[in-house]
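The structure under discussion appears below in the form of structure tokens.
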Amino acid sequence: MAETGRRKEKSPVNRLVMYLHGGSGNHGCEAIVNSTCHMLNEIPMLLVTNSEKEDRHYSLNGLCEILQERKIDENFPAHVLYYVWRALFHDPESFMRYRFRDVLGKNAAPLYLSVGGDMYCYEISRKEAILANRTFRKTGAGTVLWGCSIEPELLKLPEVVEDMKRYTLITPRESITLQALADAGITENVRFYPDPAFSLKPEKAPLPEAFRKGKTIGLNISPLIAHYEKEPDIAVRNYRSLIGHILETSDNSVALIPHVIWKNNDDRETLAGLYRGYEENERVMLFDDMSCAQLKDVISNCRAFIGARTHATIAAYSCFVPTLVVGYSVKARGIARDLFGSEENYVLPVQTLQEPDALIEAYEWLMKEEEPIRARLEAIMPKYCGLAAQAGDEIRKLWKQAAT
């Protein structure tokens, strides 16, 4: 199909192309790409991104080439043309060919890496992932589903199972997804590795004078968890109760730490609400935005961490910080189960919150078990983070095959 508009870019031929990256305003997305670039630093890499501006602002600028994907909703003539084409010829992949035109056709790469680890967890993004995989596979290239989590019930859907079989390689990041893939008969193209972000290196971050290393409890909350609540505002009420409890019953401080700052999905907005009323209390600190590596440094200095964002908790785990996850998905349960043998006490499902003091009870258990948890993380995490980095060996093998 004819293309509307042209722009000159470097050809991605002989580059490994990373795709389905939402932008570094989600510092979990940034952490995946950052750590992947470091583990594969000898391979030329191109990131096709939904937000070039975000990626150049944070840590990815200089780690890989960055290319803005085409946004059909910002090009009215193209949108109409492709919509008509798709309707007439029943060609849903046409939107993907527009979106990724700069890495298709004569610019097709030998290997494509899907870095959106939880794309299959949400219906809209799942459809995008399936269409993108089909589009790239039709070029004859290899595709990799990198560091993924998939809810087990989704692997009962024929279209998802069919798509999983298309990938050259799938690297599930936790054992629940690994088992679900096996139960669906998908094993030959599957290799288990922890999330790439476990291998992310911290970068020194500025800490407020009031921040006390080893005496500060880090808190993170996501606006997304409201979608999973059975009772309105119960998560925020639990966090508010917890902050008051920490201040009244201990000499610990509280650090409110954002990990995603996207519009309509901005941790800072919810954290600002929690901070309200504590502006003059030096024991409560509200952190501003910074890169994934700097956020990991902040979290590493906490005594304990309670968070909703998966990659904020990955930062804590990998720095030996006792962690409680306020979770809502397979990601949280699977990672905790792999680290501790069970998610019980380590994950507080948002769906189960009914009383405003449930988080206090979970926090008290965490602090009671603080030393054994830290000792376990110190014992297992070096090998676990090393295993995350070893996932790069799988890509090197595929790259060698694909690029020759």
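Per-structure values
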{"quantity": "Proximal aspartates and glutamates to K53, defined as alpha-carbon separation beneath 14 angstrom and excluding residues fewer than eight positions away on the same chain", "calculated": "E30, E65, E69"}
{"quantity": "Over the chain: helical MRE at 222 nm, DSSP H runs n ≥ 4 each giving -39500 (n - 2.57), nearest 500", "calculated": "-13000 deg cm²/dmol"}
{"quantity": "Other-chain or far-sequence residues with amide H under 5 Å of L16's (modelled H)", "calculated": "M45, L46"}
{"quantity": "Under 29 Å from the Cα of K400 - lysines, other chains or at least 8 residues apart", "calculated": "K8, K10, K106, K138, K165, K201, K383"}
{"quantity": "For W262, residues with placed amide H under 5 Å, excluding near neighbours", "calculated": "D267"}
{"quantity": "Residue-level accessible surface for R70, protein heavy atoms, 1.4 Å, Å²", "calculated": "20"}
{"quantity": "Value of relative contact order over the chain, rounded to a whole percent, pairs C-alpha under 8 Å and six or more apart", "calculated": "17"}
{"quantity": "Region 273-364 shape via C-alpha gyration tensor axes, a/c threshold 1.5", "calculated": "oblate"}
{"quantity": "Accessible surface of H38 - all protein chains present, 1.4 Å probe, nearest 10 Å²", "calculated": "110"}
{"quantity": "For peptides 208-217, 137-146, sequence by mean Cβ density within 10 Å, most packed first", "calculated": "137-146, 208-217"}
{"quantity": "Under 19 Å from K215, Cα to Cα: lysines that are on another chain or at least 8 residues apart", "calculated": "K204, K296, K368"}
{"quantity": "Mean Cβ count within 10 Å, highest first, over the residues of peptides 152-158, 108-114", "calculated": "108-114, 152-158"}
{"quantity": "Percent accessible area from carbon and sulfur atoms, region 145-238, protein chains only, probe 1.4 Å", "calculated": "53"}
{"quantity": "Loop trypsin sites (Lys or Arg not before Pro), region 222-260, which have at most 15 other Cβ atoms in a 10 Å radius of their Cβ (DSSP)", "calculated": "K230"}
{"quantity": "³J(HN,Hα) computed for each position of region 346-351 - Karplus, 6.51 cos²θ - 1.76 cosθ + 1.60, integer Hz, glycine/proline x", "calculated": "9, 10, 10, x, 4, 4"}
{"quantity": "³J(HN,Hα) computed for each position of region 120-127 - Karplus, 6.51 cos²θ - 1.76 cosθ + 1.60, integer Hz, glycine/proline x", "calculated": "7, 7, 10, 4, 5, 5, 4, 4"}
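The values are calculated or read from the model by the stated rules, or taken from the named source; none is laboratory data. All of these numbers come straight from a predicted model, not from anything done at the bench. When we count neighbours, we look across all protein chains shown, and the Cβ atoms used for this are built from the backbone with ideal geometry, even at glycine. Heads up: the accessible areas ignore ligands, DNA and RNA and are worked out on the full protein's heavy atoms, side chains in. Shrake-Rupley method; radii C 1.70, N 1.55, O 1.52, S 1.80 Å.
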